[in-house]
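Down below is the structure, laid out as structure tokens.
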């Protein structure tokens, strides 16, 4: 099993929904299943346990989850049971395999009466009229902006199906997003536009961010002093509060007497990881919330995958690489310049800047995974001689860690 969650943004760059994208098996070892959202069990919904494991509010409060359902699974009596806990927040997504028959229309109407939202994707323009009765039952339509003329399609939907909210997918640049976001005909937006790397120019870094970067540099020295790091933390009330939350979470009965004591409880290794993680989150405060989430998930996912790539002894280093992999977006400057502001190893720099070295492979893998590039992931798994379940378990561990660290400790 392979599964990931892809964000959909509103016009203000806030996450409003996540699309669940999954694949059961290695598509290169099982060619007939490539391109199918449910290769072996068409009556099953894959990957839903990811949403159950982390909780829908963990991703972003108030978000919907877009879950692909095959034209066969829609008739499964188990469909509602699998998604009962998510009712009211689930959008079932169908493709052009659904037929404009009474059976489908009745089933869609039944799901809507039970509080589920419906969406259709991959529907060719040539089938719009053919499936007009089905479209009348849809809450959303998902359009690939590279395959349709949005200026014409939006007029069609506004006139024929005013109830449908148009979601625009596959947006590859900030410029395209900016040209679409203020058009009231479009509701949600998906694509790589929110994390396209900065390649030129430089923006002045705020004093607050410089202070955080200095603390990062202290703990990323080869053998930093706990007391020195603790004293720097003590100058920032927000960091002190977060540190005490973390210590109380891992050592429930400990009576912390000072910031230095709290730092000592964590120890050098865990304090280093905690500081890098929390400060990265703070550095992302003026960026879309999904940037921080991407940074954290990359870091933990790389750490979980380190043994798979023969990097078990470098798990801390790959964790740091994941955090810093979008430092260019966080600081709004080219990655080469951003990395000069933090203390990182030559290996991390080679991987993030030049895509070379021992760490480049795991970095490339994680980026392909979060984009649901299952063909590339399948190719790499063959080279690594690793099955899909190993990767899925690592991803599940990652999202559960994210829930525990950033939600349960904040209560």
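Of the candidates 298, 293, the single residue that is in a helix (DSSP H, G or I), touching a strand residue (DSSP E or B) at 6+ places or on another chain (Cβ under 9 Å) and within 30 Å of residue 372 (Cβ to Cβ) is 293.
Considering 127, 110, 145, which residue is surrounded by 13 or more Cβ atoms within 10 Å (Cβ to Cβ), farther than 16 Å from residue 68 by Cα and out of contact with any helix residue (DSSP H, G or I) (no Cβ under 9 Å at 6 or more places or on another chain)?
On the way: 110 fails: surrounded by 13 or more Cβ atoms within 10 Å (Cβ to Cβ); 145 fails: out of contact with any helix residue (DSSP H, G or I) (no Cβ under 9 Å at 6 or more places or on another chain).
The match here is 127.
Just for helices (runs of 4 or more DSSP H) wholly inside the stretch 172-237: which have at least 3 residues that are modelled with pLDDT under 80 and assigned by TED's automatic domain parsing to the domain that holds residue 265?
Details: elements: 174-180, 207-219, 226-233.
Here the list reads 207-219.
All conditions but one from (1) under 15 Å from residue 164 (Cβ atoms); (2) modelled with pLDDT under 95; (3) touching a helix residue (DSSP H, G or I) at 6+ places or on another chain (Cβ under 8 Å) apply to residue 67; the one that does not is (1).
Yes or no, residue by residue, for (1) outside the structural domain of residue 21 (by TED's automatic domain parsing); (2) more than 28 Å from residue 275 (Cβ to Cβ); (3) buried (at least 19 other Cβ atoms within 10 Å of the Cβ); (4) modelled with pLDDT under 90:
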| residue | (1), (2), (3), (4) |
| --- | --- |
| 332 | yes, no, no, yes |
| 343 | yes, no, no, yes |
| 354 | yes, no, no, no |
| 365 | yes, no, yes, no |
| 376 | yes, yes, no, no |
| 379 | yes, yes, no, no |
| 382 | yes, yes, no, no |
| 388 | yes, yes, yes, no |
| 407 | yes, no, no, yes |
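Restricting the search to helices (runs of 4 or more DSSP H) fully inside the stretch 309-377 and requiring at least 1 residues that are under 22 Å from residue 194 (Cα atoms) and either touching a helix residue (DSSP H, G or I) at 6+ places or on another chain (Cβ under 9 Å) or in contact (Cβ under 8 Å) with a residue 12 or more places away in the chain (or both) gives 315-324, 327-331, 335-339, 360-370. Just one of the listed residues (151, 121) is surrounded by 15 or more Cβ atoms within 10 Å (Cβ to Cβ), assigned by TED's automatic domain parsing to the domain that holds residue 22 and closer than 30 Å to residue 194 by Cβ, and it is 121.
Checking each residue in the stretch 380-396 for being in contact with a helix residue (DSSP H, G or I) (Cβ under 9 Å, 6 or more places away or on another chain) and in a loop (DSSP other than H, G, I, E, B) picks out 386, 387.
The values are calculated or read from the model by the stated rules, or taken from the named source; none is laboratory data. The model shown is predicted, which means the values in this text are computed figures rather than measured ones. Heads up, the Cβs are rebuilt from the backbone with ideal geometry, glycines too, and the neighbour counts pull from every protein chain shown.
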